[in-house]
Amino acid sequence: MGEYQAVLERSRRDPSGFWLEAAEAISWHRPPTTALDAERAPFYGWFPDGELNTSYNALDRHVEAGRGGLAALVYDSPVTGSSRTYTYADLRDEVARCAGALAGLGVVKGDRVVIYMPMVPEAVIAMLACARLGAVHSVVFGGFAPKELAIRIDDSEPKIVVTASCGIEPHRLVEYKPIIDEALRTTRHQPHSVVVLQREQSRAQLTPRDRDWLELMAAAEPADPVPVASCDPLYILYTSGTTGQPKGVVRDNGGHAVALAWSMRHVYDIRAGDVWWAASDIGWVVGHSYIVYAPLLVGATTVLYEGKPVGTPDAGAFWRVIAEHRVEALFTAPTALRVIKREDPYGELLAGHDLSRFTTLFVAGERLDPETLRWANDLLDVPVLDHWWQTETGWAIAANLRGIEPMPVKAGSATVPVPGFDVHIVDEGGEPVPTGTEGAIVIRLPLPPGALLTLWNDDERYIDSYLSTYPGSYITGDSGYLDEDGYLFVMGRMDDVINVAGHRLSTGAMEEVLAAHHAVAECAVIGVPDSLKGQVPRGLVVLKAGVRIEEGVLRDELVASVRREIGPVAAFRDVAVVEALPKTRSGKILRRTMRGIAAGNDEALPATIDDPSALDAVAAVLRATP
Ligand code: COA
Ligand code: AMP
């Protein structure tokens, strides 16, 4: 670990020098002279006296450097049968015009813009246009229902909402406009306008508040980048916490640009001119960081894929995209590999695709299980590298740093802490645990550039959620251990967050939906292992005394409510009626014990259990295959 160790030590010995040097990869309107701003600790800021524009860094400067003709974004859309390439000059022009259109609608620095769009280039253009104006975008994933969208609109209070008439799922069209309209019928906050990109697959009915994307763009004057302070917010991205109220992660401009540029070079070994593909969705952090910002910040070509790993049209889709666009590295979720493996276990659909340019497969979103690692390794004959991170951190906390020193892969490990992240494993009292012992994974403050600044409108929740459990450290919510070689093994969440097909969801939010049903007295939702999706939610409900309802009817109603209230992405399909939920004597539901039983573990009877027979009965339900 020579080279890695040297970089790690340098980052620890002289963090200011380390990050100021990294900041040289960015073009600043006013270069920073200070790295860390600790004046308001634990609210840290990076490069406090620096000024920049993120959109300028992602686009204009490459054009000015003579690389305007290089492909910036390749849109590949099997669901519409189309593909389109934008050079850096094209994308800069489109973004400048979109920024002009938004400015024409009154958007100025600091205003929020909610973007609720499928995987189309216009979504990326809208994000970068906000960044150009110093406005703050908040992208909402298309699989969320109107209520989830409404929560985000009320919290971020956008001046404008940008949407498209429809998204295209393999077996159905998702009409976005009715979802927006329904959300806006319930929100306290009302945006001035809704900008709608009309797609030919289904055109939306426009109301007086709606504006047509194409008409606006045609009439707009291009807008120049607006310099912003490094610590000014670039975006808000809502993520699931333990309750129904999502957390609005706030990302800055300067720290974000510096961290992402550094990560492209050192974590992924991707430089200007390389072709890079993150097969995620712009609604998730992976999409923000690695479909949009990071590849463009370093002048690489990014692939925007509107399709699925299977079914669009088949399990060879990923290999086609890699071959056709000469992709050098792919970033996806293990669940995507598992669905490909299920449909094409022997990789027959790889035949005929030239993957000679393809060097590395990166995965994240959930732990890469050893079986999937082996399968992908054998099939593709390239390094398959797990790395671990979260919406909050914005980039990898632990990784196999390809651009510093490739390390041997250990199955089940995300490899080593990334320089900048001071990772520790602690017990319940916050004391360090011995090597090899599992505990809570925490990161000593300050977090490096690129990590969240706070939660939107809620500094107190930021402290309560992340910083108060172990003062001086950020709690990741994951448990894991470090082995004798310093490799990190992330074992799973310690809270009520679950990961379904690479999508982060809150079981607490699902419980709120179940609890609102007239027949339900109390309930619990836990994540149970699933061979394809990693985890799926499973509900347990106790009926109110005297209520009579057929279990099948109740199940259908509850499944429909979760789909309606949270969205199809929750993949909530499984709920059972039980006599009672196991609890401690103080009334706390034993979710962790239930999770362990559902995972097939031998769970010790908690000393504080109130009624062991309730646990026995629930265990029988959990062990029965749904
Ligand atoms: N807009 C609207 N609906 C969406 C959606 C979107 N953007 N994304 C998913 N949905 C819907 C799906 O259509 C499905 O609806 P259905 O119940 O009517 O069938 C539901 O949400 C569940 O979707 P999903 O969990 O994605 O399951 P799936 O069976 O459709 O696909 C995978 C499974 C594994 C192919 C897919 O989840 C996937 O590609 N996951 C990778 C996720 C990822 O990249 N995460 C980022 C970390 S790297
Ligand atoms: P998200 O905020 O949606 O990126 O989800 C972050 C959570 O997903 C983490 O806290 C982990 O629980 C899980 N996760 C992401 N990547 C990995 C990984 N490589 N290994 C294990 N868990 C992961």
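Brief remarks on what is shown
- Residue satisfying condition, being among the aliphatic types (A, V, I, L, M), more than 14 Å from ligand 2 (Cβ to nearest atom), under 21 Å from W389 (Cα atoms) and in a strand (DSSP E or B), within set V536, V542: V536
- Selected residue [under 20 Å from L622 (Cα atoms), away from ligand 2 (no atom under 16 Å from the Cβ) and part of a strand (DSSP E or B)] from A604, A524, A580: A524
- Counting only strands (runs of 3 or more DSSP E) that sit wholly inside the range 252-351, those with at least 1 residues that are assigned by TED's automatic domain parsing to the domain that holds V162 and either in contact with a strand residue (DSSP E or B) (Cβ under 7 Å, 6 or more places away or on another chain) or crowded, with 24+ Cβ neighbours inside 10 Å (or both) are 275-278, 301-305.
- Members of the range 72-82 found to be under 25 Å from the mean Cα position of the chain (by Cα) and assigned to a strand (DSSP E or B), listed by number: A72, L73, V74, Y75, D76, S77
- Within the range 462-496, considering residues that are closer than 16 Å to T391 by Cα and touching a Leu at 6+ places or on another chain (Cβ under 7 Å), the one farthest from ligand 2 (Cβ to nearest atom): Y462
Every residue, every condition in (1) within 16 Å of ligand 2 (Cβ to nearest atom); (2) touching a residue at least 40 places away in the same chain (Cβ under 8 Å); (3) under 19 Å from the mean Cα position of the chain (by Cα), yes or no:
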position: G110; (1), (2), (3): no, yes, no
position: A129; (1), (2), (3): no, yes, no
position: R152; (1), (2), (3): yes, yes, yes
position: I179; (1), (2), (3): no, yes, no
position: Q198; (1), (2), (3): no, no, no
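- Residue in the range 376-404 that is nearest to ligand 1 (Cβ to nearest atom), counting only those that are within 22 Å of V327 (Cα to Cα) and acidic (D, E): D386
- Residue among L385, L373, L337, L349 that alone is more than 16 Å from ligand 2 (Cβ to nearest atom) and of a type in the set (A, V, I, L, M, F, W, C): L349
- Failed item, numbered, when I463 is tested on (1) in a loop (DSSP other than H, G, I, E, B); (2) surrounded by fewer than 19 Cβ atoms within 10 Å (Cβ to Cβ); (3) among the aliphatic types (A, V, I, L, M): (1)
- Among the residues of the range 542-568, the ones that are buried (at least 16 other Cβ atoms within 10 Å of the Cβ) and either in contact with a helix residue (DSSP H, G or I) (Cβ under 9 Å, 6 or more places away or on another chain) or under 23 Å from M594 (Cα atoms) (or both) come to 13 in all.
- Residue within the range 273-285 that is closer than 30 Å to N457 by Cβ, near ligand 1 (Cβ under 10 Å from one of its atoms), β-branched (V, I, T) and under 16 Å from the mean Cα position of the chain (by Cα) present: yes
- Among the residues listed as G17, G45, G2, G69, the single one being among the small types (G, A, S), under 30 Å from S465 (Cα atoms) and either exposed (fewer than 13 other Cβ atoms within 10 Å of the Cβ) or touching a Cys at 6+ places or on another chain (Cβ under 7 Å) (or both): G45
- A103 being of a type in the set (G, A, S) and either more than 25 Å from P233 (Cα to Cα) or crowded, with 23+ Cβ neighbours inside 10 Å (or both): no
The values are calculated or read from the model by the stated rules, or taken from the named source; none is laboratory data. For clarity, every value in this text was computed on a predicted model and none was experimentally measured. Note: ideal-geometry Cβ built from the backbone for every residue, glycine included; neighbour counts use all protein chains shown.
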